[in-house]
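Worksheet: the structure to be examined is printed underneath.
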Amino acid sequence: MLKKLFNSLRSPLRRGKHPHSTPQVLNSSQHPINRGEISRYAISVVERLQQAGYQAYLVGGCVRDLLLDIEPKDFDVATSATPEQVRAEFRNARVIGRRFKLVHVHFGREIIEVATFRANHPEGDDEADNHLSSRNESGRILRDNVYGSLENDAQRRDFTINALYYDPATERILDYANGVHDIRNHLIRLIGDPTQRYQEDPVRMLRAVRFAAKLDFDIEKHSAAPIYKLAPMLRDIPSARLFDEVLKLFLAGYAVYTYELLVDYGLFGQLFPASAKALKQNPDYTDTLIRNALASTDLRIKQGKTVTPAFLFAALLWPALPARVIKLQERGLPAIPAMQEAAQELINEQCQLIAVPKRFTMPIREIWDMQERLPRRTGKRSDLLLENPRFRAGYDFLLLRESAGEETGGLGEWWTDYQDASDSERRVMIRDLSTQDDSSGAPRKRRRSGSKRKRAPGADGAPKPAASE
């Protein structure tokens, strides 16, 4: 598909960090994009804005993906019309955002996002007089509503491969930053000075990783160089925004490669500091568990199955939990209360960085809590656990722990057999437990008064391998 595009480029490619004031223009014979591949609603938005006298183009990721023969997830439009002017043209539109005002034009379940051309951000004294754009002391842009020309808009876009504009009326592509060259060479390259661009918005470091993983591109060396040093700037990003970014990173179907890049560039520790610490203290177990969880997530997405962020976060954070549980048990807390207290502490710390909503933190705690309950199988406990709405997630998580090398005494296999067994077979399995020692997870029925036995790490399902090394 790309051979037609690259072989047809007649003008020499210019290698520069900054966009050109005059774009390279590719007509319909020089690129593989077909109007039939584009959402009819996106085309109608562009055409209506053009008919109203405004400039309008499809822009960014949708153009890039069409060039790569990837089906775009959505279609974005860039225009010379202000948000208010766009809204005036469409009865089904509404303005959203504060830092970055956009217009969403609704067509049933499909939304076409329309953004006004942006200009470079004023600096120094000029910025003090401009109430629409401001930065904090580290250079991060706080508000971003300075409007400009098409050329301005190309210059302020983050990556060269996103500074591509497609006009469905003429079927031409405007390439302001050698984005086609970087697509051809599989490179993620920032427009402008990388350090300054990351300082303006540290989330660009995560976006660079996300695009590299999604497209199987390399981050160009000058764009990659500042990331490790500037990674701590992510701590300044609002926690709610980071939650959205983390979902984009890990729920796009490329989670394993994304994780590898985050670790390599020092970004994983900024997002999950407790888990990064566990990765250093117990690298084999932690890395294996996280990789296995992310591989399973990628597979489910590929198969079109649902994925819950609760299970994802439960896996990403779990390696940091066992050591905290054991410390609390050593202070005298029983296993389940120790698990609950350690879980609450860990989740509270994580939510200071990434604002995981309560609708996910509650299931995370329940999945972890189930790890202490699954070994308790005597009497009616097993049947009650099977009826628990979190049983399946807890059981899957148990298998995940075992896949990472945790020794559970065959607990996962026992629960697998129990689910498939008949009622009579289940009763036999429960009776057999009474003949086993405490290592099976069955608690003692009695203890002599005053004889307190110190609980061993790993007993009753406490994840021994993750905490003992």
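The values are calculated or read from the model by the stated rules, or taken from the named source; none is laboratory data. This is a predicted model, so every value here is computed, not measured. Note: ideal-geometry Cβ built from the backbone for every residue, glycine included; neighbour counts use all protein chains shown.
So here's what we get for this one:
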{"item": "Residue that is closer than 26 Å to ILE43 by Cα, at pLDDT below 80 and among the polar types (S, T, N, Q), where the choices are ASN136, ASN145", "result": "ASN145"}
{"item": "Residue list for region 257-271, restricted to those being over 14 Å from the mean Cα position of the chain (by Cα) and of a type in the set (Asp, Glu)", "result": "ASP264"}
{"item": "Flag for ALA335 being more than 30 Å from ARG431 (Cβ to Cβ), out of contact with any Gly (no Cβ under 7 Å at 6 or more places or on another chain) and in the same structural domain as ARG426 (by TED's automatic domain parsing)", "result": "no"}
{"item": "Qualifying position, being modelled with pLDDT of 95 or more and not aromatic (Phe, Trp, Tyr), among GLY332, GLY269", "result": "GLY269"}
{"item": "Residues satisfying the stated conditions in region 64-95, i.e. under 22 Å from the mean Cα position of the chain (by Cα) and outside any loop (DSSP other than H, G, I, E, B)", "result": "ARG64, ASP65, ASP76"}
{"item": "Neighbours by Cβ (under 6 Å, 6+ apart or cross-chain): first from region 397-424, in contact (Cβ under 8 Å) with a residue 60 or more places away in the chain; second of a type in the set (Val, Ile, Thr) and surrounded by 13 or more Cβ atoms within 10 Å (Cβ to Cβ)", "result": "PHE397/ILE367; ALA404/THR288"}
{"item": "Which numbered condition ALA338 misses (of (1) at pLDDT below 95; (2) of a type in the set (A, V, I, L, M, F, W, C); (3) surrounded by fewer than 20 Cβ atoms within 10 Å (Cβ to Cβ))", "result": "(3)"}
{"item": "Residue match in region 230-239 (condition: touching a strand residue (DSSP E or B) at 6+ places or on another chain (Cβ under 9 Å) and surrounded by 21 or more Cβ atoms within 10 Å (Cβ to Cβ))", "result": "no"}
{"item": "Residue in region 353-367 that is more than 30 Å from PRO232 (Cα to Cα) and either surrounded by fewer than 22 Cβ atoms within 10 Å (Cβ to Cβ) or out of contact with any strand residue (DSSP E or B) (no Cβ under 9 Å at 6 or more places or on another chain) (or both) present", "result": "yes"}
{"item": "Qualifying residue in region 231-251 (condition: farther than 30 Å from ALA310 by Cβ, within 22 Å of the chain's Cα centre (by Cα) and in contact (Cβ under 8 Å) with a residue 24 or more places away in the chain)", "result": "no"}
{"item": "Filtered residues of region 57-90 (kept if under 30 Å from ASN185 (Cβ atoms) and aliphatic (A, V, I, L, M))", "result": "LEU58, VAL59, VAL63, LEU66, LEU67, LEU68, ILE70, VAL77, ALA78"}
{"item": "Region 283-296: number of residues that are in contact with a helix residue (DSSP H, G or I) (Cβ under 8 Å, 6 or more places away or on another chain) and surrounded by fewer than 22 Cβ atoms within 10 Å (Cβ to Cβ)", "result": "7"}
{"item": "Cross-chain or 6+ apart pairs with Cβ under 6 Å, region 329-344 first and farther than 17 Å from PHE313 by Cα, then of a type in the set (Lys, Arg)", "result": "GLN329/ARG455"}
{"item": "Count - residues of region 208-229 that are surrounded by fewer than 18 Cβ atoms within 10 Å (Cβ to Cβ) and under 15 Å from THR160 (Cα atoms)", "result": "3"}
{"item": "Elements of type helices (runs of 4 or more DSSP H) contained in region 172-272, each with 1 or more residues being under 25 Å from PRO23 (Cβ atoms)", "result": "179-184, 194-200, 203-215, 221-224"}
